[in-house]
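Novice: Following this message is one structure expressed as structure tokens.
The values are calculated or read from the model by the stated rules, or taken from the named source; none is laboratory data. The shown structure was predicted, so the numbers you read here are calculated from the model rather than taken from an experiment. So basically every Cβ, Gly included, is an ideal-geometry build from the backbone, and we count neighbours across all protein chains shown. Remember, those area values only see protein heavy atoms, side chains included, never the ligands or the DNA or RNA. Shrake-Rupley method; radii C 1.70, N 1.55, O 1.52, S 1.80 Å.
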Amino acid sequence: MADKKRIAILASGFGSNLQAIIDQAQNIDINGEIVLVFSNNENAYALERAKKYGIKSVSFNPGQFESRQQYDKELLVLLKNEKIDLIVMAGYLLLVGQEIIKEFSNKIINVHPALLPSFKGIHGIKDAFDYGVKVTGVTVHFVEEDLDAGPIISQEAVIITEDDTQETLEEKIHKIEHKIYPLAVKYFCNGRLAINGRKVEILKGE
Ligand code: GRF
């Protein structure tokens, strides 16, 4: 198989998706390796998780720079120095800068806790719950300039029952995220994603 894809994970908080991807990466059938965890929040638990597994962890935030552009430039330098093949956003609460999106075209993926294009933005679970939909879910997609709008890799529905609270819904959503996000990372690393316009085909294979 070709060289392992070098994966960077961008996270701002708890990092449970990072953990799910780490757990899978220990499996031999993924042609990828997490080589960097980056956070804009130096207190992110995601950084602790990285350290525990000996993964390089780096943190800086826009406040340390003259402008947001400078911050993104620094992040781009880091990603290029680490020869990153795939950027995985896992609860990264900032928008990715345009330069990074251009440089890593079709190489950045995100998990969104709703069925896109419904309930875009950072409150996908709450917004779906408050709206009263009976079905919501999880979307994994490529990242483009427009928020939560890139080609969709995978989706899975979650039924909202009458006894669900926002908290129980969150649990259901996270469970699905931890299942389908690592799988999408594996598909990418194993060369099984073919993008054709808005459509992403998952090719057969390992
Ligand atoms: C997840 O719900 C994800 O869908 C959203 O942010 C949350 C991150 O959770 N983008 P975690 O930090 O991976 O636990």
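Novice: Any lysines with Cα under 20 Å of the LYS179 Cα? List them, leaving off those in the same chain fewer than 8 positions away.
Specialist: Partners found: LYS204.
Novice: Out of all DSSP beta bridges with both ends in the chain, state the antiparallel percent to the nearest 5.
Specialist: Roughly 45 percent of the DSSP beta bridges within the chain come out antiparallel.
Novice: A follow-up question, please. Using a Cα-Cα cut-off of under 13 Å, which aspartates and glutamates could be cross-linked to LYS73, ignoring same-chain neighbours fewer than 8 residues away?
Specialist: GLU99, GLU103
Novice: Still on this structure, I have one more. Report, by chain and number, residues whose modeled amide H sits under 5 Å from the one on LEU93, excluding near sequence neighbours (fewer than 5 apart, same chain).
Specialist: HN-HN under 5 Å from LEU93: SER12.
Novice: Residue-wise, which Karplus ³J(HN,Hα) couplings in Hz belong to segment 166-181, taking 6.51 cos²θ - 1.76 cosθ + 1.60, θ = phi - 60°, and x for glycine or proline?
Specialist: Karplus-based 3J(HN,Hα) across segment 166-181 equals 4, 5, 5, 5, 4, 4, 4, 5, 4, 4, 5, 3, 5, 8, 8, 6 Hz.
Novice: Right, another one. On full extension of the chain, what length is gained from PHE65 through ASP3, given 0.36 nm per residue of separation minus the C-alpha to C-alpha distance?
Specialist: 18.8 nm
Novice: Taking +1 at the Cβ of each Lys and Arg and -1 at the Cβ of each Asp and Glu, which of SER16, PHE104, LEU93 sits farthest along the dipole of the chain towards its positive end, judged by Cα position relative to the Cα centre?
Specialist: The residue sitting farthest along the positive end of the dipole is PHE104.
Novice: Pulled fully out, how much extra length does the chain show between GLU82 and ASP130, if you take 0.36 nm times their separation in residues and subtract their Cα-Cα distance?
Specialist: 13.1 nm
Novice: Also, quick follow-up: If you place +1 on the Cβ of every Lys and Arg and -1 on the Cβ of every Asp and Glu, how big does the dipole about the Cα centre of segment 31-94 come out, in debye to the nearest 20?
Specialist: For segment 31-94, the charge dipole is close to 120 debye.
Novice: While we're on this one: Normalised by the number of residues in the chain, what is the relative contact order in percent for Cα pairs under 8 Å and 6+ residues apart?
Specialist: 19
Novice: Given charges of +1 on the Cβ of Lys and Arg and -1 on the Cβ of Asp and Glu, with all other atoms neutral, how large is the dipole of the chain about its Cα centre, in debye to the nearest 20?
Specialist: That gives the chain a dipole magnitude of about 680 debye.
Novice: Which is farthest toward the positive dipole end of segment 114-205 among THR161, ILE180, LEU115, measuring Cα position about the Cα centre, with Cβ charges +1 (Lys, Arg) and -1 (Asp, Glu)?
Specialist: Of THR161, ILE180, LEU115, it is ILE180.
Novice: Please tell me the relative contact order of segment 105-206 in percent, rounded to the nearest whole number, where contacts are Cα pairs under 8 Å and at least six residues apart.
Specialist: That works out to 25 percent.
Novice: Based solely on C-alpha atoms, express the radius of gyration and the Dmax of segment 5-202 in angstrom.
Specialist: According to the Cα coordinates of segment 5-202, Rg and Dmax are 16.3, 50 Å.
Novice: Right, next: Let a ≥ b ≥ c be the square roots of the eigenvalues of the Cα gyration tensor of segment 34-80; is it rounded (a/c under 1.5), or, if not, prolate (a/b larger than b/c) or oblate?
Specialist: Judged from the Cα gyration tensor, segment 34-80 comes out oblate (a/c at least 1.5, b/c at or above a/b).
Novice: Sorted by accessible area (1.4 Å probe), largest first, how do HIS123, HIS178, HIS112 line up?
Specialist: Most to least solvent-accessible, the answer reads HIS123, HIS178, HIS112.
Novice: How much net charge surrounds TYR53 when only other residues with a Cβ under 13 Å from its Cβ are counted (Lys, Arg +1; Asp, Glu -1)?
Specialist: For residues surrounding TYR53, the net value is +1.
Novice: For ASN40, enumerate residues with amide H under 5 Å from its amide H, sequence gap 5+ or separate chain, H modeled in the peptide plane.
Specialist: HN-HN under 5 Å from ASN40: ALA11.
Novice: For n ≥ 4 DSSP H runs only, could you compute -39500 (n - 2.57) per run for the chain, divide by its residues and tell me the 222 nm figure to the nearest 500?
Specialist: -10500 deg cm²/dmol
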